[in-house]
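All remarks here apply to the structure that follows.
The values are calculated or read from the model by the stated rules, or taken from the named source; none is laboratory data. No experiment lies behind these values; they were computed from the predicted model shown. Please note: Cβ atoms are built from the backbone with ideal geometry, for glycine as well, and neighbour counts cover all protein chains shown. Ligands, DNA and RNA are excluded from the accessible area calculation, which covers all protein heavy atoms including side chains. Shrake-Rupley method; radii C 1.70, N 1.55, O 1.52, S 1.80 Å.
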Amino acid sequence: MKKISDAIGEALETNPYLQFGFSHRLFNLTRLAGFLRPLIEGRVQNSVSNAAILMNLSRMTRRREKIIPLPKNFKFKNVVIFSDLMVLTFYKNPGVHRGIEKILNRVQSDGRFITVTEGGNEITVILEEGCRDLVKKHIPDVPKSENFSVASVGITFSEKYAETPGLIFAVIEQVTLQGINIVELSSTFTELILYVDKKDARLVFDTLFRSFSED
């Protein structure tokens, strides 16, 4: 017969709403036990008491608190917005590589914003909207995808978090809870940058500042 703890774990893991509420201790465990009872009985193929489910939920809550990162566990040094960006994705080929190299040199010499991400088949360039003509000059290829309504929300954090599991998860979770789509994501050793639609940038900034700011 399947263990009650295993059945509870399966029920939670297959339902993101239950999983989130349980992980963040949003539920009254006694009421949650009653709600889960028919689900658990269906999985263990036997009658189960509310008390037995409640006992297992309490144990699981204590275990999860040790491994699931919460916003309170992280504090950021700085959160900044950079607006009026565009995101262009090209199929990777030598011509695009050469064009991006020229664009990179020019943009960096002007002290302007640019980020380049290269995958197995594509290259994505994120830079200021004012650089459209520069891109057309050096990359004749038609972009596979383009977005001209993007802003970045950049986060600077302490080096002590570099090897702490869950930092990126905690950030993305807070943004996702606001119903905001993350267009792109990039990072360095102590920086994390989220790219979102310009209309969402202020809400992302406020959400992350209130959740993670050291002040």
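The table below gives the values:
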read-out	value
Under the Karplus curve 6.51 cos²θ - 1.76 cosθ + 1.60, θ = phi - 60°, whole-Hz ³J(HN,Hα) for region 192-199, x wherever Gly or Pro sits	9, 10, 9, 10, 9, 4, 4, 5
Inter-probe distance in nm under a simple model that places probes 7 Å from Cα toward Cβ, at E118 and N15	4.7 nm
Apportionment of accessible area to carbon and sulfur, the chain, percent (1.4 Å)	50 percent
Theoretical gain in end-to-end length, S187 to V142 [0.36 nm per residue, Cα-Cα removed]	13.5 nm
From the coordinates shown, P(r) over Cα pairs in 10 Å bins from 0, in percent corresponds to which of (i) 8, 29, 33, 19, 8, 2, 0; (ii) 7, 26, 23, 19, 14, 8, 3, 0; (iii) 8, 32, 33, 19, 7, 1, 0	(ii)
Segment R63-R210, extension gain: residue separation times 0.36 nm, minus the distance between their alpha carbons	50.2 nm
Residues Y161 and S5, FRET efficiency given R0 of 41 Å [Cβ-Cβ distance, rounded to 0.05]	0.85
Label point at Y91 placed 7 Å out along Cα→Cβ; residues across region 126-157 whose backbone nitrogen lies under 17 Å	139-146
Potential lengthening between Q45 and Q178 on full extension [0.36 nm per residue; Cα-Cα distance subtracted]	44.0 nm
Cross-link reach list, lysines versus K136, counting only Cα pairs under 24 Å and skipping chain neighbours closer than eight places	K92, K102, K144, K198
Proximal aspartates and glutamates to K2, defined as alpha-carbon separation beneath 14 angstrom and excluding residues fewer than eight positions away on the same chain	E10, E41
